[in-house]
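Notes to accompany the following structure.
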Amino acid sequence: MNSTQPYSLKDLQTDVDDTNVMSSIQAHDRQALEKLYLIYYGPLARFLSRIVAQSSAVDEIINDTFVTIWMCAKDFRGESRVAAWIFGIVYRTALQSMGLHRVRRSRSFAEIFRRDDTDLTSGGSYIDRLECRLNRLPMEERATLALTYQMGFSIDEIAEITQVAPATVKVRMFRVRLGLHRIV
């Protein structure tokens, strides 16, 4: 990966029209798939680094995602942005890779944002404490944050990607913001 490659969709500026590239992929153009891979690799890797505990799995998940894109390109109807469709595939591929066909909350929200966590409040900078708490969030909250703030997706697009109702996305965002706001 070179240093000029974008890491988020906000940074992604390309003269390639995703819809035309998808049409080419639907016609089994391997060069179009390669072009799409090169465009989306950086943003997908950045997103996955936030939600997947094992950094060694990121490339495998991305490769599996592009195999799925190749095999399911004919199913893309253009009803959503290509980026949302791709991120939906990578999200579900990551869930399968981690053995989480259904996302489960391992801790209660109150446990994650307890004020009496000595490891989170004593020593370290604000950024260190914030990073520690973000890493302790359940995967669906980390994914929602990354899709919103790093990738720039709308509430409706995140709902489509994560296959939940828009109200659920809003509740996740509210709960995480509330908890993160309490960091002293």
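Results for (1) farther than 19 Å from ILE61 by Cα; (2) surrounded by 16 or more Cβ atoms within 10 Å (Cβ to Cβ); (3) at pLDDT 75 or above; (4) among the hydroxyl-bearing types (Ser, Thr, Tyr), shown as yes or no for each residue.
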position	(1), (2), (3), (4)
GLY88	no, yes, yes, no
ALA110	yes, no, no, no
THR118	yes, no, no, yes
GLY123	yes, no, no, no
TYR126	yes, no, no, yes
LEU130	yes, no, no, no
LEU134	yes, yes, yes, no
LEU178	yes, no, yes, no
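Cβ-Cβ contacts under 8 Å between residues 6 or more apart (or on different chains), taken from a first residue in the stretch 137-159 that is crowded, with 21+ Cβ neighbours inside 10 Å and outside any helix (DSSP H, G or I) to a second residue that is at pLDDT below 90 and polar (S, T, N, Q), are listed as MET151/SER8. When the stretch 35-64 is filtered for residues that are of a type in the set (A, V, I, L, M), free of Cβ contacts under 8 Å to residues at least 40 places away in the same chain and closer than 25 Å to GLU131 by Cα, the ones remaining, listed by number, are VAL58, ILE61, ILE62.
Name every residue in the stretch 43-82 that is among the charged types (D, E, K, R), part of a helix (DSSP H, G or I) and closer than 25 Å to LEU145 by Cα, in order of residue number. Even if it seems obvious, please write down each step before you answer.
Keep residues of the stretch 43-82 that are among the charged types (D, E, K, R), which gives 46, 50, 59-60, 64, 74-75, 77, 79, 81.
Filter once more, keeping what is part of a helix (DSSP H, G or I): 46, 50, 59-60, 64, 74-75.
Hits for the stretch 43-82 are ARG46, ARG50, ASP59, GLU60, ASP64.
The values are calculated or read from the model by the stated rules, or taken from the named source; none is laboratory data. Since this is a predicted model, take the numbers as computed values, not measurements. All Cβ positions, glycine included, derive from the backbone under ideal geometry; neighbour counts span all protein chains shown.
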